[in-house]
Amino acid sequence: MSESLEPTPEDHFTFGLWTVGNPGRDPFGHETRSPLDPVDTVHRLASLGVYGVSLHDNDLVPWGTSPSDREAILKRFRQALDVTGLKVPMATVNLFSRPLFKEGAFTANDPVVRRMAVAKTFDAIDLGAELGATTFVLWGGREGVESDAAKDVRGALDRYAEAVNLCCAYVRDRHYDLRFALEPKPNEPRGDILLPTVGHALAFINELEWPEMVGLNPEFAHETMSGLSFSHAVAQTLWHDKLFHIDLNAQRIGKFDQDFRFGSEGIRDAFYTVMVLEDAGWTGMRHFDAHPYRTEDYDGIWDFALGCMRTYLILREKVHRFHADADITRALETARRQDINEPTSEGGLGVDALAALRNVASTYSEDKLAGTGYGHERLDQLVTELLLGSR
C-alpha cells in the first residue's frame, strides 16, 4: 500500500455517539456492554484520528433533563470538544424510541402527537446549532404502517411535508446555518416506512416549500436491504446536488438492518461507493453509522471504529490504483466508459438537431453494432483482482 492507513482529521471521518455507544442490545437479548460516557467517547475518538462526532438529542441530554442539568451536560461536553478539537458536523432527533411515537411522529394520525414531535425536533435543532452542527438529519423510523387500512398515505405525506417545512421555517426564523438531510429506509421498525428509498426522498423534496434547504443522508444498509445498489444511489444523489450527508456501514441483502462495520459485507459496492465519493471530490463527512458486534467488550468498540476508517482508506487507495493501472485503463477504453460523456445529440434539442440525429443514425450498421464486444468480463475480473490484492 502506498498510502497511510492511519486516519487523520483531514479524512473527515465521523461517528455518532449512538454508534460506538451501542450497548449490544438486540430484539432477543439485553445489553452486553455498559453505556459509554459521551465525554470519554470524544476523547477516545480523537485519539484515533476522527474528525467529528454526531448525536441524537437524547444521546447527550437524556429525556426529561432539567434546564440547569442540560447546561451542565453541555458545558462538560463542549470542554471535551475544545480540548480534543473534535467537531459536531451533524445532529439529529430521536422520534422513534419513546412510546409516544408508536403510531408515528411527523405522520401520526393524532395531531397532538405530531405537534409534540415537531416541538421535540425544534429543541434538537437548538441543541445541534449550539454545538456547531450545519446538517440536521431526519430519519422517519416510525413514519409508516403495518396496517394499510389505518393510514391515509397521501394525507401522511401532506403532514410529513408540513413537518419538514415547519423545521425549515424554524431554522430560517432563528437564522441558523443549518440544512436538513432526509434519511430513507424501506422497513424496520415499521413494516413499511414512508420515503423508503433515495428515489422516493428526492421526489418528495421537490414538493417542499424550501427544497434548497433539504437534501439526503443515504445509508449503505438501507438501500442494500431492498437489494438496491448503494453506489448508484449515492451517484444519483450527487447528480441532483443533494448529498448533504452520508451513512457508511455494511449490510447483506434481505437481512434485518445489520449496521455492520464498513466493508465487512458488500466489499465491491463499498469500493464503488468510495470511488463515487472520491472521484466527485465530495468534501462532506464520511460518517459511520454502524455498530460493534454484540460479542465485543470495551476494547472491541475501538477495534470496530478503527476498522471502519482503515477499510475506507484501503478502498480509497484501491481507487487510486484503479485509475493508475494500465490494464484497467485499456479495458475502460474497450468498454468506452468515457464516451458516456459525449452528447447523444451534438446539436442540442432544436428541430434541425433532431433531424440531424435521425439522419446520422440511419448510416449506422445494426449488425456491426450488435457484434461489438465491450470487454466487461475482463474489466470486471481486473477489478476483482485489484480488490483481492493481486494487482
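Under the condition of being small (Gly, Ala, Ser) and closer than 19 Å to Gly16 by Cβ, which residue from the stretch 214-269 is surrounded by the fewest Cβ atoms within 10 Å (Cβ to Cβ)? First the steps, then the outcome.
First pass over the stretch 214-269, keeping only residues small (Gly, Ala, Ser): 215, 221, 226-227, 229, 231, 233, 235, 250, 254, 263-264, 266.
Now narrow it down to the ones that are closer than 19 Å to Gly16 by Cβ: 215, 221, 250, 263-264.
On the way: Gly215: 22, Ala221: 25, Ala250: 22, Gly263: 24, Ser264: 19.
If we take residues in the stretch 214-269 being small (Gly, Ala, Ser) and closer than 19 Å to Gly16 by Cβ, then Ser264 is surrounded by the fewest Cβ atoms within 10 Å (Cβ to Cβ).
Any chance you could count how many residues in the stretch 191-203 are in contact with a strand residue (DSSP E or B) (Cβ under 7 Å, 6 or more places away or on another chain) and surrounded by fewer than 20 Cβ atoms within 10 Å (Cβ to Cβ)?
2
So, Val171, is that one surrounded by 23 or more Cβ atoms within 10 Å (Cβ to Cβ) and within 30 Å of Gly52 (Cβ to Cβ) or not? Explain how you work it out, then say what you get.
Numbers: surrounded by 23 or more Cβ atoms within 10 Å (Cβ to Cβ): no; within 30 Å of Gly52 (Cβ to Cβ): yes.
Answer is no for this residue.
Please find, within the stretch 347-391, the residue that is nearest to Tyr272 (Cα to Cα) out of those that are charged (D, E, K, R) and within 41 Å of the chain's Cα centre (by Cα).
Applying the first criterion (charged (D, E, K, R)) to the stretch 347-391 yields 352, 358, 366-368, 377-378, 380, 385, 391.
Filter once more, keeping what is within 41 Å of the chain's Cα centre (by Cα): 377-378, 380, 385, 391.
Working: Glu377: 17, Arg378: 17, Asp380: 12, Glu385: 15, Arg391: 17 Å.
By that ranking, first place goes to Asp380.
Is it fair to say Ser66 is among the polar types (S, T, N, Q), more than 30 Å from Glu143 (Cα to Cα), at pLDDT 95 or above and out of contact with any strand residue (DSSP E or B) (no Cβ under 7 Å at 6 or more places or on another chain)? First the steps, then the outcome.
Details: among the polar types (S, T, N, Q): yes; more than 30 Å from Glu143 (Cα to Cα): no; at pLDDT 95 or above: yes; out of contact with any strand residue (DSSP E or B) (no Cβ under 7 Å at 6 or more places or on another chain): yes.
Criteria not met by Ser66.
Only one of these is over 22 Å from Leu100 (Cα atoms), touching a residue at least 24 places away in the same chain (Cβ under 8 Å) and hydrophobic (A, V, I, L, M, F, W, C): Ala169, Ala150, Ala124, Ala203. Name it.
Details: Ala150 fails: over 22 Å from Leu100 (Cα atoms); Ala124 fails: over 22 Å from Leu100 (Cα atoms); Ala203 fails: touching a residue at least 24 places away in the same chain (Cβ under 8 Å).
Every option except Ala169 fails the conditions.
So which residues in the stretch 270-303 are closer than 14 Å to Leu17 by Cα, surrounded by fewer than 24 Cβ atoms within 10 Å (Cβ to Cβ) and of a type in the set (Phe, Trp, Tyr), if there are any at all?
Trp302
Would you check if there is a residue in the stretch 326-340 being part of a helix (DSSP H, G or I), in contact with a His (Cβ under 7 Å, 6 or more places away or on another chain), of a type outside the set (D, E, K, R) and not assigned by TED's automatic domain parsing to the domain that holds Pro89? Lay out the reasoning, then the answer.
In the first step, residues of the stretch 326-340 are kept if they are part of a helix (DSSP H, G or I); the result is 326-335, 337-340.
The next check asks that each one be in contact with a His (Cβ under 7 Å, 6 or more places away or on another chain); those that pass are 335.
Now narrow it down to the ones that are of a type outside the set (D, E, K, R): 335.
Going one step further and asking which of them are not assigned by TED's automatic domain parsing to the domain that holds Pro89, we end up with 335.
So far as the stretch 326-340 goes, yes, one or more of its residues are part of a helix (DSSP H, G or I), in contact with a His (Cβ under 7 Å, 6 or more places away or on another chain), of a type outside the set (D, E, K, R) and not assigned by TED's automatic domain parsing to the domain that holds Pro89.
In the stretch 18-27, is there at least one residue being of a type in the set (Ser, Thr, Tyr) and crowded, with 20+ Cβ neighbours inside 10 Å? Steps first, please.
Step one: filter the stretch 18-27 for residues of a type in the set (Ser, Thr, Tyr), giving 19.
Adding the requirement that they be crowded, with 20+ Cβ neighbours inside 10 Å leaves 19.
Yes, that holds for at least one residue.
Considering the stretch 270-282 alone, what residues qualify as being over 14 Å from the mean Cα position of the chain (by Cα) and at negative phi?
So in the stretch 270-282, the residues over 14 Å from the mean Cα position of the chain (by Cα) come out as 271-272, 275, 278-281.
Passing the criteria: Phe271, Tyr272, Met275, Glu278, Asp279, Ala280.
Can you find a residue in the stretch 203-223 that is in a loop (DSSP other than H, G, I, E, B) and of a type in the set (Gly, Ala, Ser)? Give the derivation first.
The initial filter retains those residues of the stretch 203-223 that are in a loop (DSSP other than H, G, I, E, B), namely 206-210, 217-218.
Then keep just the ones that are of a type in the set (Gly, Ala, Ser); that gives none.
Scanning the stretch 203-223 turns up no residue that is in a loop (DSSP other than H, G, I, E, B) and of a type in the set (Gly, Ala, Ser).
Given the criterion acidic (Asp, Glu), at pLDDT 95 or above and more than 17 Å from the chain's Cα centre (by Cα), identify the matching residue among Asp158, Asp241. Write out each step before concluding.
Working: Asp241 fails: more than 17 Å from the chain's Cα centre (by Cα).
Just one listed residue meets the conditions, Asp158.
Looking only at helices (runs of 4 or more DSSP H) that lie completely in the stretch 1-117, which have at least 3 residues being closer than 24 Å to Thr295 by Cβ? Spell out how you get there, then give the answer.
Numbers: elements: 17-20, 38-47, 57-60, 67-84.
In the stretch 1-117, 17-20, 38-47 are the helices (runs of 4 or more DSSP H) which contain 3 or more residues that are closer than 24 Å to Thr295 by Cβ.
The values are calculated or read from the model by the stated rules, or taken from the named source; none is laboratory data. Nothing here was measured: the structure is a model prediction, and the numbers come from that model. Positions of Cβ are backbone-derived with ideal geometry, glycine not excepted, and every protein chain shown enters the neighbour counts.
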